[in-house]
Amino acid sequence: PPKGMKKGVYFWEVVKGDNNKVYVSSYDPVANDSSKGGIVLEYDGNTGKWRDYGIIEPGAAYVRAIGYDNNKIYAGMGSGLDKVGIYQIDATTGAKKKLPDLADYHKYGATTISYLTAHNGYLYVNINASADKKTFVFNTKTWKWEEPITESYPGNVLPADNDSDSILYKDSKYNIVKYDPHSKTKKTVFKSSGNQNRGNLSRFVDSSILGDN
């Protein structure tokens with residue numbers, strides 16, 4: 001990591017960007033200081049250089065989840081009820097824009113955005129509230145929250161294929177379900193025996209390698 005990263009800071013997730021770049025979310029343990037906070041880093045695999053996008057929200061210790069779509073980085077924040085939220089960051093300019101607040105953050109007492117996946121103009125978000133069984137859906141084109149996916153298991157979702165906007169997620173019974181964000185339709189593509197409940201969906205760089213399976 002870049003020089004100057006202080007002791008105690010650590011990293012949560014890495015997400016693939018374009019042009020051989022990756023983006024990293026971080027945790028800064030000193031959250032009560034308004035001059036401190038979690039940062040987002042970019043690593044350029046072509047040059048071997050790091051870029052620091054700086055503190056995303058002063059006083060917010062966590063950039064817990066991270067997503068990337070169409071030159072935009074999405075940073076899922078957390079550190080107390082007043083710091084839960086998501087920022088869109090322009091990967092080129094570094095300009096930051098906060099998404100509209102979600103009432104469910106406070107309804108369920110969430111403190112962190114636990115999981116976030118960005119895919120073809122949509123964000124799929126889970127908060128750290130085990131009781132909700134919802135994956136929240138945000139449309140980045142309309143800049144509005146849409147109808148959530150209900151009875152879902154907390155975790156990252158996976159793009160279903162390269163030729164559609166559909167995604168795969170685990171439902172509350174650990175089945176794998178295909179979801180179309182346009183029609184809001186669901187189709188179970190793998191029925192679990194209940195023994196797969198510890199698994200998580202893996203992100204493939206090119207999901208077409210899976211073929212029809």
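Positive contributions from Lys and Arg (+1) and negative ones from Asp and Glu (-1), summed over other residues with Cβ under 12 Å from the Cβ of Tyr108, come out at +1. Annotation for region 85-124: chymotrypsin sites (Phe, Trp or Tyr not before Pro) lying in DSSP loop with at most 16 further Cβ atoms inside 10 Å of their Cβ are Tyr108. The fraction of accessible area contributed by carbon and sulfur in region 101-145 is 49 percent, rounded to a whole number (1.4 Å probe; ligands and nucleic acids excluded). Computed with a 1.4 Å probe over protein heavy atoms only, the accessible surface of region 49-137 comes to 37 Å² per residue. Annotation: amide H of Tyr115 within the under-5 Å range of Asn126, sequence separation 5 or more or interchain, hydrogens built in the peptide plane.
A crude spin-label estimate for the pair Lys187 and Asp90, with each label 7 Å from Cα along the Cβ direction, gives 3.9 nm.
The heavy atoms of Lys144 offer some 130 square angstrom of accessible surface to a 1.4 angstrom probe. Using alpha-carbon positions, what is the distance between the centroids of region 160-185 and region 104-135, in Å? Spelled out, the Cα-based centre of one part sits 16 Å from the other.
The values are calculated or read from the model by the stated rules, or taken from the named source; none is laboratory data. Just so you know, these numbers come straight off a predicted model, no measurement behind them. In this analysis, Cβ positions are derived from the backbone assuming ideal geometry, glycine residues included, and neighbour counts consider all displayed protein chains. With ligands, DNA and RNA removed, areas are computed over all heavy atoms of the protein, side chains included. Shrake-Rupley method; radii C 1.70, N 1.55, O 1.52, S 1.80 Å.
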